[in-house]
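The values are calculated or read from the model by the stated rules, or taken from the named source; none is laboratory data. None of the values given here were measured: they were computed from a predicted structure. Please note: Cβ atoms are built from the backbone with ideal geometry, for glycine as well, and neighbour counts cover all protein chains shown.
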Amino acid sequence: MNWDWKKDTCNSREKTKYCCTIKYGQGIVDSLLEEKPWRRSIPQEGKLALASLAQLDVYEFSHWASDVKIDAKTDGIDISVWIENIWLTAQKESWKWESESSYGAKELIFLVCKGWKCTPALLKKVREKRITLADIPRGARKILAKKVELNENEFDYWAQELSVTEEADGFRVRIGVPNIWICADLFQGGTWYWDKPIWGTAGLFGRLPSVLFTWRQKVIYCNTFKELLETLTEKRGKVWGMVLFAHGSRDGRIWENTNVDDSRNWQFDIMRKLDSYRYKLARINMMQCYSGYQGTFVIPLKHLAYVNRLSGDKNSDTWKKEKIENYFRKKYKEFDDSADVEITVVKEISTDGQEVFRLGGRVTINWAGAWFRYGEKITLYRYVNTALLDIDWSGLWEKWNVFE
């Protein structure tokens, strides 16, 4: 039997018609000659021929052949099959994500693609509007993650506002991705003295390139540490990356453009905000000195002022020492498992001859290791940020000071 299927020239936007005529005398099977038209059916041979022509799976014939008409005429059998166009246009996986055109920078950037292969289960879910992020194939996740520079394994946390619509040329998949770039320049403000350009070198040389390639992103500027934390909270899940210009120290403190060095702003505070995101930012540039410090530092005594009642008392018992030691150990180990904290009680003699007990803290930390839990690409300064160069001035001084 000759199954010579032809595509009809008159088709609608929704369906395409295929026709075939079988002449009498070509071994017409009984399934085509049923007296009752609704009981007539196409034999497997005919289904195979049509599936081959339309490049579809013959085992899914009952799904993609939406309408079948078989007419017995005087000279033969006329067979017509209508196939929904979605089956013909969405025949293979091809995830070529493109940015959706829009005016102005948005907090979320939407990427669209029409590369999802049509299957009976997928078509049913789309039409019932039951598609979720969990349904997106791994291949699609991987390609999208690479395009937006985010982590594929965290797709379910940064991908948002999914929509899948059935169109004539395929399934239109639309996904929102974080698109906010935070530029926190804490060198803005301060006193007339600390506003001098020499103190804002990092901000002067770093702020321009930090936003130079963010023309497609929504840039939010923060001039204080408080504004930064508030923005990270308010825009949770929409932040793609961030840069921070500030003063920094080995113990993780961050302060603004001021000569006050007893700041209570910590790198911890930023990390805690990012913990709630559950995805790594694409880029984090921590431009303050010692943002990526790895080593040991001593906590200055004056920074333990809030435990002065314990440390300034000559009856500083062991339990008080352990209490403070546990406080700092918990504080640092929360972000660096390898952190080591040792608190020592030092006895001093005051000018009036009285014994005074103080506390000193020695901490070993790896800030770089901690930061890489929060970003895919990280810029850090292990030592001092000098015009964007990471320089260990203390180490250089030790090498150059030959007369010491």
Can you find a residue that is buried (at least 16 other Cβ atoms within 10 Å of the Cβ), outside the structural domain of residue 282 (by TED's automatic domain parsing), within 24 Å of the chain's Cα centre (by Cα) and in contact (Cβ under 8 Å) with a residue 60 or more places away in the chain anywhere in the range 124-137? no
Scan the range 48-62 for residues that are touching a Phe, Trp or Tyr at 6+ places or on another chain (Cβ under 6 Å) and over 21 Å from residue 121 (Cβ atoms) and jot them down. 49, 50, 53
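Residue-wise test of (1) in a helix (DSSP H, G or I); (2) of a type in the set (Asp, Glu); (3) surrounded by 14 or more Cβ atoms within 10 Å (Cβ to Cβ); (4) modelled with pLDDT of 90 or more.
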{"site": "17", "(1), (2), (3), (4)": "no, no, yes, yes"}
{"site": "20", "(1), (2), (3), (4)": "no, no, yes, yes"}
{"site": "25", "(1), (2), (3), (4)": "no, no, no, no"}
{"site": "35", "(1), (2), (3), (4)": "no, yes, no, no"}
{"site": "53", "(1), (2), (3), (4)": "yes, no, yes, yes"}
{"site": "69", "(1), (2), (3), (4)": "no, no, no, yes"}
{"site": "74", "(1), (2), (3), (4)": "no, no, no, no"}
{"site": "78", "(1), (2), (3), (4)": "no, yes, yes, yes"}
{"site": "81", "(1), (2), (3), (4)": "no, no, yes, yes"}
Residue 45 vs. criteria farther than 30 Å from residue 125 by Cβ and assigned to a helix (DSSP H, G or I): yes
Scan 154, 149 and give me the residue that is among the charged types (D, E, K, R), touching a strand residue (DSSP E or B) at 6+ places or on another chain (Cβ under 6 Å) and under 18 Å from residue 179 (Cα atoms). 149
Name the residue that is nearest to the chain's Cα centre (by Cα), counting only residues in the range 37-79 that are within 18 Å of residue 26 (Cβ to Cβ) and polar (S, T, N, Q). 44
Can you pull out every residue in the range 58-67 that is outside any helix (DSSP H, G or I) and loosely packed, with under 14 Cβ neighbours inside 10 Å? 66, 67
Having 2 or more residues that are modelled with pLDDT of 90 or more, under 30 Å from residue 156 (Cα atoms) and not assigned by TED's automatic domain parsing to the domain that holds residue 157 is the bar; report the strands (runs of 3 or more DSSP E) wholly within the range 235-333 that clear it. 239-245, 281-286
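To keep it simple, each residue is scored yes or no on (1) under 27 Å from residue 238 (Cα atoms); (2) assigned to a helix (DSSP H, G or I); (3) touching an Asp or Glu at 6+ places or on another chain (Cβ under 6 Å).
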{"position": "91", "(1), (2), (3)": "no, no, no"}
{"position": "111", "(1), (2), (3)": "yes, no, no"}
{"position": "126", "(1), (2), (3)": "yes, yes, yes"}
{"position": "141", "(1), (2), (3)": "yes, yes, yes"}
{"position": "144", "(1), (2), (3)": "yes, yes, no"}
